[in-house]
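Inspection log for the structure reproduced underneath, given as structure tokens.
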Amino acid sequence: MEPLREVAGRAIPFGAKNVDTDVIIPAHWLKTITRDGLGQGAFETLRADPDNLFDSANFKGAPILIAGDNFGCGSSREHAAWALLDLGITAVIAPSFSDIFSSNAFKNGILTVVLPQSAIDRLMEVAQTDPVHIDLGSQTVTTPFQDRFEFEIDAFRKACLLEGLDEVGLTLSRDSAISAYENRSRGQTPWLATGELVS
Amino acid sequence: MASKPRTLYEKIWDAHVVERRDDDTCLIYIDRHLVHEVTSPQAFEALRLAGRTVRRPDLTLAVPDHNLPTTARRDAAGLPIPIADLESAQQLAALTRNAPEFGIRLIGDADAEQGIVHVVGPEQGFSLPGATIVCGDSHTACHGGLGALAFGIGTSEVEHVLATQTLLLKQSKAMEVRVEGELGPGVSAKDVVLHITGVLRASGGTGYVIEYTGSAIRDLSVEGRLTISNMAIEHGARAGLIAPDEVTFAYVKGRPYAPKGAEWDAAVTWWRTLATDPGASYDKVVVIDAADIAPSVTWGTSPEDVLPITGFVPAPESFADPSKQDAARKSLAYMGLMAGQKLTDIEVQNVFIGSCTNSRIEDLRAAAAVLKGRTKAANVRWAIAVPGSGLVKRQAEAEGLDQIFLAAGFEWREPGCSACLAMNPDKVPAGERCASTSNRNFVGRQGPGARTHLLSPAMAAAAAVTGRLADVRELS
């Protein structure tokens, strides 16, 4: 994963609430066996409208998406995160995110920024004409007009994003702790410690 | 020293902590991993590229379900019938190749045990109370109906579990949703969970693990509990839980992967300790009176858009929140509905009985009880019943349910996810309505332009015979 320190540029003032993963990437795009090329299917239904925001001259290729409450609800498909990345989006700002989506986003180096609705409203206004700047180190979102919004982020996620850490590699280095757990489990809950067919 | 009272969730969590980091992130051990063809190819590919192996193939079970056509899979000579959609075929082939390459058991497309992962896991006794269970699918919460901590994960997490048998997680907040009282006639587990989703809204459970409690939940069969827990994600909760009890133990006992002999006794002894302790506290409690729950249907494009079948399509202005007003306007336009329309006046052209929410034997029995001696209305163009697994199908056939469905004008299909998300050929045409026992009424979910109304199996059967959304209580 590439390290991520800041995201700056145009922000798509999308604003919709309860944007589900079927809207972000419809199911027929899930038949791929790679992570690439999903930008084409991102927001397919909305982009069928020739006047859609995503393909407009101002917002095509914008790195930031501003959305409403409960962004990414629905399915666990990581294709939603891959589709956003392929579209060029590396940060989403919303009042709340579904748990699975924010985890998927984070694992692909997409920053999810949680801000209150009042801040979202202001950023939606700014985004119409001007860029937005997100700095992960200082956990702030700023605009050219002196707006400054601070956001919270889990310390572990922040460190992983800043350093571009490989989480699987990190956990594999804890092999001895995992083995110790497995040994304990064999003694305490032996029926969970094996998934073999029992005859 | 007496230990602090804990919830069911905390007990399962604590029992699975491999280690706790300074920032409270925990490495959590995963007992059971279900794998299907859609969310796994990129995970296997990443392992291959990094030269990594699967740590515990014995705790992993692969089953294809999303892409499989629900028409016959073998010809008269027993040879595989090719899948017309090449991308679906390629994704299924990837699972068939990846499972043996990484030493993982695969239940194949023509095996009697094949079915939707969330039906197969409990049915095989692979999913057990007190276990941590994951799958690259948001409806994994389903297994929480057995008292397991089960949740959906993304493909990067699938890779993480394959490689390490663990996940790095922060403990969620705990919510209790208590449903007290007796369910009225015609009210099923599906109506209960739709009602809960209406109360909590689509995001009410975000950040929480929900434990469903109360007499109405305790009185449900295990299959009903699986239906409730299945839709936890539709109100935002990554996992739903129902305390395991004697009903659960009776369900699990004797299943192929369930513990046997002395291990069974030890398991039951441990499972009995898992129920939430008196005095344990939840971060949030929601209480629902079972008497308030009617047979329910959705009218919009979010599962929170739910109403009793006796209701009317709401006016967008009736919502206090301006963004909900806007969403409701868009939903009504998409659904082709007018504010004030009586729900029972809405005609349907399609009926789908199936999905991980409602495709178990009790679901099929409930639908068949309404269909018996009746046929689908003339305006219902397409009605299909898709059993959740080959074993459910076989059981239904042994009970003669297939004949009731066929006589009523339904198609009787092979098991799979089918028209719930329309990744296989089972799609609802644009502009047409479907009375569906599935879990999501999102825009385009059952096919581009398809209009979904979520309801219970008995209500779906009632819609089939009347040709419109109907109150099942008036049919029985």
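Rolling a 1.4 Å sphere over the protein heavy atoms, what is the accessible area per residue of the protein assembly as shown, to the nearest Å²?
In whole numbers, the protein assembly as shown has 35 Å² accessible per residue.
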Using +1 at the C-beta of Lys and Arg and -1 at the C-beta of Asp and Glu, which of A:Gly88, A:Gly109, B:Ala408 has the Cα lying farthest in the positive direction of the dipole of the protein assembly as shown? B:Ala408
Work the Kirkwood hydrodynamic radius out for the protein assembly as shown: mean of 1/r over every pair of different alpha-carbon atoms, inverted, in Å. 25.2 Å
Summing -39500 (n - 2.57) over every DSSP H run of at least 4 in chain B, dividing by its residue total and rounding to the nearest 500, the 222 nm mean residue ellipticity is -9000 deg cm²/dmol
Calculated from DSSP H runs of 4 or more alone, at -39500 (n - 2.57) each and per residue, what is the 222 nm mean residue ellipticity of chain A, nearest 500? -9500 deg cm²/dmol
Counting other Cβ atoms within 10 Å, which GluC sites (Glu not before Pro) in the range B:171-239 have at most 12 and lie in a DSSP loop? B:Glu182
Do you know the relative contact order of chain A, to the nearest whole percent, from alpha carbon pairs under 8 angstrom that are 6+ apart? 24 percent
What does DSSP give for the protein assembly as shown in terms of the percent of beta bridges that are antiparallel, rounded to the nearest 5? 30 percent
Roughly how crowded by other chains is peptide B:198-205, in terms of the mean Cβ count from those chains within 10 Å of each of its Cβ atoms? 3
Cleavage-rule hits (chymotrypsin sites (Phe, Trp or Tyr not before Pro)) in the range A:128-199: DSSP loop, at most 14 neighbouring Cβ within 10 angstrom: A:Phe145
How big is the gap, in Å, between the Cα center of the range B:93-112 and the Cα center of the range B:216-232? 30 Å
Return the carbon/sulfur percentage of the accessible area of the range A:6-165, one whole number, probe 1.4 Å, all protein chains in place. 51 percent
Over all Cα pairs of the range B:8-169, the Kirkwood radius sets Rh, and Rg/Rh then becomes 1.00
How many square angstrom of accessible surface are buried between A and B, both sides summed, with a 1.4 Å probe and rounding to 100? 5500 Å²
For the range A:6-165, what class follows from the C-alpha gyration tensor (a ≥ b ≥ c being the square roots of its eigenvalues): rounded when a/c is under 1.5, otherwise prolate if a/b is larger than b/c, else oblate? oblate
Can you pull the one-decimal nm distance between simple spin-label points at B:Leu406 and A:Asp147, each 7 Å off the Cα toward Cβ? 6.3 nm
Starting from 0.36 nm per residue, how many nanometres of slack lie between B:Leu49 and B:Asp24 once their C-alpha separation is accounted for? 5.9 nm
Two pseudo-spin positions, 7 Å from Cα along C-beta at B:Asp345 and at B:Glu399, lie apart in nanometres by 3.7 nm
Residue (of B:Gly261, B:Phe126, B:Gly214) at the positive-pole extreme of chain B, dipole from beta-carbon charges: B:Phe126
Full extension between B:Asp265 and B:Ala110 adds, at 0.36 nm per residue less the Cα distance, a length in nm of 52.3 nm
Below 8 Å between Cα atoms, with a sequence gap of 6+, how large is the relative contact order for chain B in percent? 17 percent
Could you work out what % of the accessible surface of the range B:8-169 is carbon and sulfur, using a 1.4 angstrom probe and leaving DNA, RNA and ligands out of the count? 54 percent
For the pair B:Val287 and A:Ser173, how long in nm is the line joining their label points, each one 7 Å along Cα→Cβ? 5.1 nm
Give the average, rounded to an integer, of partner chain Cβ atoms located within 10 angstrom of each Cβ in A:75-84. 6
How large is the Kirkwood hydrodynamic radius of the range B:296-474, in angstrom, based on all distinct alpha carbon pairs? 16.0 Å
Report the relative contact order of the range B:39-111, percent, no decimals, based on alpha-carbon pairs under 8 angstrom and at least 6 residues apart. 46 percent
Extend 7 Å from the Cα of B:Asp321 along its Cα-to-C-beta direction; within the range B:180-217, residues with backbone N under 18 Å of that point are B:194-208
Which entries of A:Lys17/B:Lys324; B:Lys330/B:Lys427; A:Lys17/B:Lys330; A:Lys158/B:Lys170; A:Lys17/B:Lys284; A:Lys107/A:Lys158 show an alpha-carbon separation above 18 angstrom in the structure shown? B:Lys330/B:Lys427; A:Lys17/B:Lys284
Evaluate peptide B:434-447: per residue, the Cβ atoms of other protein chains within 10 Å of its Cβ; return the mean as an integer. 3
Give the separation of the Cα centroids, the range A:8-75 to the range B:270-312, in Å. 32 Å
Proximal aspartates and glutamates relative to A:Lys60, as straight alpha-carbon distance under 13 Å, when same-chain residues fewer than 8 apart are discounted: A:Asp51, A:Asp86
Calculated P(r) tail over 13 Å for the range A:1-73, as whole % of Cα pairs: 72 percent
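Scan the range B:1-43 for trypsin sites (Lys or Arg not before Pro) in coil per DSSP, keeping those whose Cβ has at most 14 other Cβ atoms within 10 Å, and list them by number.
B:Arg21
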Hey, if you drop one equal point scatterer on each alpha-carbon of chain B and run the Debye formula without solvent, what base-10 log of I(q)/I(0) do you get at q = 0.08, 0.11 Å⁻¹? -0.45, -0.88
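The values are calculated or read from the model by the stated rules, or taken from the named source; none is laboratory data. Being a predicted model, the structure only gives us computed values, none of them experimental. Cβ sites come from the backbone with ideal geometry, for glycine too, and all protein chains shown count toward neighbours. To get the accessible areas, we keep the full protein, side chains included, count just its heavy atoms, and leave off ligands, DNA and RNA. Shrake-Rupley method; radii C 1.70, N 1.55, O 1.52, S 1.80 Å.
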